[in-house]
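A short write-up of the structure that comes next.
The values are calculated or read from the model by the stated rules, or taken from the named source; none is laboratory data. What you see is a predicted model; the values in this text were computed from it and never measured. Note: ideal-geometry Cβ built from the backbone for every residue, glycine included; neighbour counts use all protein chains shown.
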Amino acid sequence: MDFSKFDWKFNLFGIPVRVMATFWLVCVFFSPFSSGNDGPWLFGLLGWSAAMLLTFLAHEFGHALSMRKLYGGVPQIDLGIGHTQSGAFVFGGLTTARTRDVSFGKHALTSAAGPLAELASVLVFVIILSLFGTRFEISTSLFGIPVLTPLTESFTSIIKSPAALYFVYYFAHGFIWLGIVWGLFNLAPIFPCDGGQILLAVLGKSLGPSGVRLTFGISFILAVAVAAYFLLNGSVFMPLFFGYTAYQNYNLMRGMRG
Ligand SMILES: [Zn+2]
């Protein structure tokens with residue numbers, strides 16, 4: 001089936017962005033609203049989805065702007081689950097550079113720029129919220145991962161409408177939670193995540209083919225561990241993704257043996 005007619009396309013800072021319809025599915029699965037809720041939760045989901053779009057854009061623009069600077073040309077950003085125009089698989093977000101030969105150093109730099117831009121945007125956001133009197137706690141409410149979370153009381157004193165409260169609270173909660181979790185997970189040395197790209201650049205440069213194989217081996221073990229963690233903590237989506245990632249790395253590793 002062709003879902004491309006549901007694509008949302010726009011340009012930002014001169015960089016073309018395509019938001020696939022599947023992006024909104026990622027928002028639901030990666031939200032606190034995937035297993036039944038009460039209250040005006042739909043407004044919460046809207047706030048969460050808006051936060052997800054912004055934090056993913058911060059991430060991909062970290063890649064895109066550094067690629068444009070270091071490689072030249074205009075990169076393309078794709079968000080959602082699907083494929084880019086050139087056929088690469090997208091899960092969440094992917095920035096495609098318009099260049100072929102890239103040095104190891106530049107590849108490592110542009111890979112790191114995504115998660116770093118995302119984490120920096122969270123830091124700025126938390127500082128702004130704090131200036132407006134928001135207080136925070138470390139909560140493990142979502143998938144058992146300890147993450148900085150704004151206290152609901154910070155908002156209930158200012159916002160009286162339940163719908164607006166749900167929207168604003170889940171926007172703030174989502175922007176921080178997704179930014180930290182997605183940013184840090186992407187820095188994990190699991191190929192093809194950003195951290196895995198950095199590991200591949202470093203080990204490939206220093207050890208050659210055996211370094212590339214080592215990257216896939218490390219990625220395989222970590223992907224299995226992450227999939228198992230999420231399986232034990234009530235996520236359906238993440239075990240599937242990291243299970244598939246483990247399988248990919250296993251095949252890449254075996255492919256290099258002969
Ligand atoms: Zn990235």
- Failed item, numbered, when F171 is tested on (1) of a type outside the set (A, V, I, L, M); (2) surrounded by 23 or more Cβ atoms within 10 Å (Cβ to Cβ); (3) in a helix (DSSP H, G or I): (2)
- Task: Could you tell me whether any residue of segment 231-254 is closer than 30 Å to L129 by Cα, under 19 Å from the mean Cα position of the chain (by Cα) and crowded, with 17+ Cβ neighbours inside 10 Å?
- Result: yes
- Message: Can you tell me how many residues within segment 200-222 are at pLDDT below 95 and within 16 Å of the ligand (Cβ to nearest atom)?
- Response: 2
- Item | Answer residue from segment 63-96, given it is more than 12 Å from the ligand (Cβ to nearest atom) and small (G, A, S) and is surrounded by the most Cβ atoms within 10 Å (Cβ to Cβ) among those | G80
- Here are L12, L46: which of them is among the hydrophobic types (A, V, I, L, M, F, W, C), more than 16 Å from the ligand (Cβ to nearest atom) and within 25 Å of V102 (Cα to Cα)? L12
- Message: I want to confirm something. Restricting to segment 52-62 and keeping residues that are in contact with a helix residue (DSSP H, G or I) (Cβ under 6 Å, 6 or more places away or on another chain) and not aliphatic (A, V, I, L, M), which single residue is nearest to the ligand (Cβ to nearest atom)?
- Response: H59
- Message: Among the residues of segment 139-148, are any within 19 Å of L54 (Cβ to Cβ), more than 16 Å from the ligand (Cβ to nearest atom), at pLDDT 90 or above and in the same structural domain as K69 (by TED's automatic domain parsing)?
- Response: yes
- Residue list for segment 201-227, restricted to those being touching a residue at least 24 places away in the same chain (Cβ under 8 Å), touching a helix residue (DSSP H, G or I) at 6+ places or on another chain (Cβ under 6 Å) and not basic (K, R): A201, G204, V212, T215, F216, G217, S219, F220, A223, V226
- Query: Which of (1) in contact (Cβ under 8 Å) with a residue 12 or more places away in the chain; (2) over 21 Å from F30 (Cβ atoms) is the odd one out, the single condition R100 does not satisfy?
  - Reply: (1)
- Query: Where residues in segment 109-124 are surrounded by fewer than 20 Cβ atoms within 10 Å (Cβ to Cβ) and more than 12 Å from G183 (Cβ to Cβ), which of them is farthest from the ligand (Cβ to nearest atom)?
  - Reply: V124
- State all residues of segment 132-166 that are polar (S, T, N, Q) and in a loop (DSSP other than H, G, I, E, B); if no residue qualifies, say none. T134, T140, S141, T152, S157, S161
